[in-house]
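Enquirer: Handing you a structure now.
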Amino acid sequence: AQSVTQPDIHITVSEGASLELRCNYSYGATPYLFWYVQSPGQGLQLLLKYFSGDTLVQGIKGFEAEFKRSQSSFNLRKPSVHWSDAAEYFCAVVVSGSARQLTFGSGTQLTVLP
Amino acid sequence: NAGVTQTPKFQVLKTGQSMTLQCAQDMNHEYMSWYRQDPGMGLRLIHYSVGAGITDQGEVPNGYNVSRSTTEDFPLRLLSAAPSQTSVYFCASSWTGTDGYTFGSGTRLTVV
């Protein structure tokens, strides 16, 4: 079945530490890939996106993500986490076609320790 | 530039009542969507539109109705509210559907 999986429900890191959030997808062809962030009580903000080209994409707020076709993965990374990065992070895909709607993973809640 | 505007921000309904959640965007986006967000389940697509006059069902459409008479507006109607519809609702819009969606700030709905 087509799906987006975020295997980590909750991740805790210390401020200044590096971060990697995992995302795997299961689709016949490579979909458009996105990472969104949701701060408490807020809507979702687009961090970065990928469809083709360089497999390492840069986004806003110092985030980057790497696409690995062989692993059907699109993991989000940040070299040094700030306390303001505490939020929920969603991986999402759009499949080419007429609908072009987002399908989301279940999210990863990030806690940042001082 | 307001982006995507959702109203109201909070709403409490009694079981069986109906209401409309409003969504408006000022970016001339063709694609618009409604999602509900429930703990541990991410965001699930309720209904979507790929242009004025064109709507279709998403993953969880039961109990909801939509219309798209203009490019700017995409209201979501709850026909007869049920406690299972207690959720946070998000509206989103996009120019091409593959360039990324812009989200509204959400409506927190409680059905008692």
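Enquirer: Looking only at residues in segment B:87-101 that are facing chain A (nearest Cβ under 9 Å) and among the polar types (S, T, N, Q), which one is nearest to B:Leu76 (Cα to Cα)?
Expert: B:Ser94
Enquirer: Does segment B:67-101 hold any residues that are touching a Phe, Trp or Tyr at 6+ places or on another chain (Cβ under 9 Å), open to solvent by 20 Å² or more (accessible area, probe 1.4 Å) and among the polar types (S, T, N, Q), and which are they?
Expert: Correct list: B:Ser67, B:Thr96, B:Thr98.
Enquirer: Collect the residues in segment B:1-57 that are out of contact with any Asp or Glu (no Cβ under 7 Å at 6 or more places or on another chain), within 17 Å of B:Thr98 (Cβ to Cβ) and hydrophobic (A, V, I, L, M, F, W, C), keeping them in residue-number order.
Expert: Result: B:Met27, B:Met32.
Enquirer: Ok, one more. From the set of residues in segment A:46-58 that are in a strand (DSSP E or B) and more than 19 Å from A:Val112 (Cα to Cα), which is most open to solvent (accessible area, probe 1.4 Å)?
Expert: Within segment A:46-58, the match that is most open to solvent (accessible area, probe 1.4 Å) is A:Gln58.
Enquirer: Condition first: at pLDDT 95 or above, open to solvent by 30 Å² or more (accessible area, probe 1.4 Å) and hydrophobic (A, V, I, L, M, F, W, C). Can you find one or more residues in segment A:62-81 that meet it?
Expert: No; the residues of segment A:62-81 include none that is at pLDDT 95 or above, open to solvent by 30 Å² or more (accessible area, probe 1.4 Å) and hydrophobic (A, V, I, L, M, F, W, C).
Enquirer: In addition: Does A:Leu33 fit the bill of being within 12 Å of chain B (Cβ to nearest Cβ), touching a residue at least 60 places away in the same chain (Cβ under 8 Å) and on the phi < 0 side of the Ramachandran plot?
Expert: yes
Enquirer: On the basis of being over 23 Å from A:Tyr50 (Cβ atoms) and within 14 Å of another protein chain (Cβ to nearest Cβ), does B:Gly53 make the cut?
Expert: Taking the combined requirement at face value, the residue does not satisfy it.
Enquirer: So, A:Val93, is that one open to solvent by less than 50 Å² (accessible area, probe 1.4 Å) and assigned to a loop (DSSP other than H, G, I, E, B) or not?
Expert: Against the criterion (open to solvent by less than 50 Å² (accessible area, probe 1.4 Å) and assigned to a loop (DSSP other than H, G, I, E, B)), A:Val93 does not qualify.
Enquirer: Could you grab me the full set of residues in segment A:25-42 that are in a loop (DSSP other than H, G, I, E, B) and open to solvent by 20 Å² or more (accessible area, probe 1.4 Å)?
Expert: Correct list: A:Tyr27, A:Gly28, A:Ala29, A:Thr30, A:Ser39, A:Pro40, A:Gly41, A:Gln42.
Enquirer: Regarding B:Glu72, is this residue among the charged types (D, E, K, R) and away from chain A (no Cβ under 14 Å)?
Expert: yes
Enquirer: Restricting to segment B:102-112, give me the number of residues that are under 13 Å from B:Arg36 (Cα atoms), open to solvent by 10 Å² or more (accessible area, probe 1.4 Å) and at the interface with chain A (Cβ under 8 Å from one of its Cβ atoms).
Expert: 2
Enquirer: Checking A:Lys49 against (1) more than 10 Å from chain B (Cβ to nearest Cβ); (2) of a type in the set (Lys, Arg); (3) within 18 Å of B:Tyr101 (Cα to Cα), only one condition comes out false. Which one?
Expert: Looking at each condition in turn, A:Lys49 falls short on (1).
Enquirer: Now, a different point. For residues that are assigned to a strand (DSSP E or B) and among the small types (Gly, Ala, Ser), tally how many sit in segment A:59-83.
Expert: Qualifying residue count, segment A:59-83: 2.
Enquirer: Can you confirm whether A:Gly59 is within 11 Å of chain B (Cβ to nearest Cβ) and either within 14 Å of the chain's Cα centre (by Cα) or within 20 Å of B:Pro39 (Cα to Cα) (or both)?
Expert: Here the answer is yes, as A:Gly59 does meet what is asked.
Enquirer: While we're looking at this one, here's another question. Output the residues belonging to segment A:96-114 that are more than 14 Å from chain B (Cβ to nearest Cβ), assigned to a strand (DSSP E or B) and either at pLDDT below 95 or open to solvent by less than 30 Å² (accessible area, probe 1.4 Å) (or both).
Expert: A:Leu110, A:Val112 - these are the residues of segment A:96-114 that are more than 14 Å from chain B (Cβ to nearest Cβ), assigned to a strand (DSSP E or B) and either at pLDDT below 95 or open to solvent by less than 30 Å² (accessible area, probe 1.4 Å) (or both).
Enquirer: Being under 14 Å from B:Met32 (Cβ atoms) and not in a loop (DSSP other than H, G, I, E, B) is the filter here, so list the residues in segment B:86-112 that pass it.
Expert: B:Tyr89, B:Phe90, B:Cys91, B:Ala92, B:Ser93, B:Ser94, B:Thr102, B:Phe103
The values are calculated or read from the model by the stated rules, or taken from the named source; none is laboratory data. From a predicted model like this one, the values you see are computed outputs, not experimental measurements. Note: ideal-geometry Cβ built from the backbone for every residue, glycine included; neighbour counts use all protein chains shown. We work out accessible area using only protein heavy atoms, side chains counted, and drop any ligands, DNA or RNA first. Shrake-Rupley method; radii C 1.70, N 1.55, O 1.52, S 1.80 Å.
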